[in-house]
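Participant: My questions all concern the structure below.
Throughout, read-outs are computed from the coordinates displayed, never taken from laboratory work. Just so it is clear, the model here is predicted, and its values are computed rather than measured. Note that we place each Cβ from the backbone using ideal geometry, even for glycine, and neighbour counts take in every protein chain shown.
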Amino acid sequence: MSTTAEFQTDAPPAPDGIAVASRPGRTVPSRALVARTIGGTLLAAFVLAGPKLFTWAGPAGAYDFGLTVAMLVVAVSVLAWIGEISLAVVAQMGLGMVGLSWLQDHTSFPLAVSLVLVTLSSIPTSLILGLFCLRLRGVNFVIASLAFAGMTQKAFFQKVLGAATSLHGRVSRPSLVRSDGALYYLIMFSLIAVVIGLYLLQRSRMGTALASLRDSETAFWTLGYSPAAYKLFVVCLSGAIATLAGAYYGLLQGTVPSFYFNPGLAIVYFGFAVAGGMGSIGGALGGGLFFGAMPKYLEVLWPSIYNKFDFLFYGLVALVIIVWVPGGLAGLGRRFWARVEGRS
Amino acid sequence: MSKFLQVLVIGTIAGSIYGFIAIGMVLVYRTTGVLNVAHGGIGILSGYVAHELIHFRHQPYYEGIAGGVAIAALLGFLFELIVVRRLPGRPDLQTAATLGLYTLLLGVVVTVPWWTTNAFQVLPSPLIDKTFKVPGSHQFVTYDQGLLMIALALFSVGLYWMLRRTRIGLAMRAVSDSPAAAGLMGIKPEMVSRALWVLGFGLSGLTTMLVAPITLLDANALSLLTLKALTVAFLGGLVSLPLTVAGGLILGTLEAFNDLYLVHAPDLKYAWPFILMVLALVWRAAEKRRSVRDDAPVVAAAA
């Protein structure tokens, strides 16, 4: 029996760069073309309309929260590219919030510069975590990341932010994103940029290399690539996305309770990533948005019933998806889209 | 000397808590390859069920405890039936399912309003308030703490013996290594798997019955203990029961040492699990290098 259970991903292997280049004249069936045009238009309309579509169900902040969670779940899912799971993402998210708060207190940088600096500041902590990733695989790395998160929360967040609701960790919103609606567009376009970047990365030579690293580290190493460099890169990439999500979370909440960053919450977010479909960017987005925003709306619609049932909802839906929906929401989406395009 | 003895006593008590939680996780991982993250959640629910029966419904103590453990065992039966059977050969997805179960069970606990309103509730025990003094120190140990230490010793030895010497233990290991080969040897993998999950979940329930009278019956506190127990399980390589128990005792002792000797660095206490993991990694890497070096002449001679 293997001493580690490696987490397999449900993402399709990244296409080979050469294979893509050899079929430039590939024709798309007309039904698929129509479906893609309509789907793209609907998606664009959905993105632009944003939380306005759901104002009847709750405030715009609920949707913003969903987007932040989606970004965090994307960070979890990215690590699955190298077949690993980190439960330190919530801690990295917290570092983003603390970093933004510190920059606002001590500098007068514009928000865009602060966000870039906060994202870059994630690199040292990601490298520490990455060192464990070089030595450990599967559940061993999961436990190491959990220990790292536990130490960070107890020894850092509670120290910096205080035991309960923070007065030190305040994050103020610049006038440009004062309203939840305006903040939505900032988070949404950042998320789109992240997703496009990841999509391009998956389809680049580096994406192909990462897919092969996941399949066989020994073969990867034999071919002259450095598994350490690629692993560290992915851990840093995941950490940067999680930290950016934390900065947005700080902007959304204004003040952040230190107990929010407890490692147990990372387990919940990992559940979202699995329910979305590990390794799939679209699945992570769908899972994060669904599990992040839906409870907030339910809280508003049925406050007396829902407030007590959020964990029950998360757990039950995640369990049902893991057991009964192979490939998670991403698998469901792929099967649905294949039908729409007439491929099955 | 008295202070050092105090460190050892407090460390052993804390270490017994971590060790007892961890051996349940190691048992399940070693025999299934599944990291049962729900271990703590199952214990939390069964603890609250026992509390409900004893405190709110005024049932006799032992019936309440049996009820709590029975609920945990029933959950194990259902989990095996509904989840494990549907995800055969996928320990990764089964592990993910235990994450979902953990969240679900925490959700169940908070939905019962009177369970979590009092943050300082202790699971009642007939041994509560009974203490004895440790010879040579001013340290008192409650009977509940003593019982936990004895139970840890008995269970770790018992499980170790079961996995190596009994038919059911050997069958569990056989099914874990190769279900097909085990089936050919006349073992029924489904029955063994069911027995294992019932035992693993039941052990989780029993753990809370022993731990909750010492700590508090609080979902957050018990979750935090589970996270530390995961670190302890890592120290044992997730497979070794003796190393897991030793890891728990070392972690508990280091934390107690921090509390009593390093009073100017109280936050260092939270870093000990992480530091221990780093040391374990360094030690394992050295062991690996040593074994490679030891094998080298054999390989050269064979060549």
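Participant: Treating cross-link reach as a plain straight distance, find the lysines whose alpha-carbon is under 30 Å from the alpha-carbon of B:K133, omitting any fewer than eight places away in the same chain.
Facilitator: B:K3, B:K228, B:K269
Participant: For the stretch B:264-284 and the stretch A:88-124, what is the centre-to-centre distance using only Cα atoms, to the nearest Å?
Facilitator: Rounded to whole Å, the Cα centres lie 27 Å apart.
Participant: Whole-Hz Karplus ³J(HN,Hα) for the stretch A:190-199, in order, using 6.51 cos²θ - 1.76 cosθ + 1.60 and θ = phi - 60°, x for Gly and Pro?
Facilitator: Using θ = phi - 60°, the values come out as 5, 5, 4, 4, 4, 5, 4, x, 5, 4 Hz.
Participant: Long-range amide H contacts for A:T255: which residues qualify at under 5 Å (H placed 1.01 Å from N, peptide plane, sequence gap of 5 or more or a different chain)?
Facilitator: A:V171
Participant: Please arrange A:S226, A:S280 by counting, for each residue, the other beta carbons lying within 10 Å of its beta carbon, fewest first.
Facilitator: Placing the least packed residue first, the sequence is A:S226, A:S280.
Participant: I would also like to ask the following. Just how large is the dipole of the protein assembly as shown about the Cα centre, in debye to the nearest 20, putting +1 at every Lys and Arg Cβ and -1 at every Asp and Glu Cβ?
Facilitator: 1080
Participant: Over all alpha-carbon pairs in the stretch B:24-165, figure out the percentage whose distance exceeds 20 Å.
Facilitator: 60
Participant: Find me the longest stretch of chain A that has none of the exposed trypsin sites (Lys or Arg not before Pro), where exposed means in a DSSP loop (not H, G, I, E or B) with at most 13 other Cβ atoms within 10 Å.
Facilitator: Between exposed loop sites, the widest span is A:179-342.
Participant: Order by neighbour count: B:T244, B:T117, fewest other Cβ atoms within 10 Å first, most last.
Facilitator: Ranking B:T244, B:T117 by Cβ neighbours within 10 Å, fewest first, gives B:T117, B:T244.
Participant: Just counting partner chain Cβ atoms within 10 Å, what average do the residues of peptide A:128-138 show around their Cβ?
Facilitator: 2
Participant: Hey, what do the phi angles of the stretch B:33-41 turn into as Karplus ³J(HN,Hα) couplings, whole Hz, using 6.51/-1.76/1.60 and θ = phi - 60°, x for Gly and Pro?
Facilitator: Computed from phi, the couplings for the stretch B:33-41 are x, 9, 7, 7, 5, 6, 3, x, x Hz.
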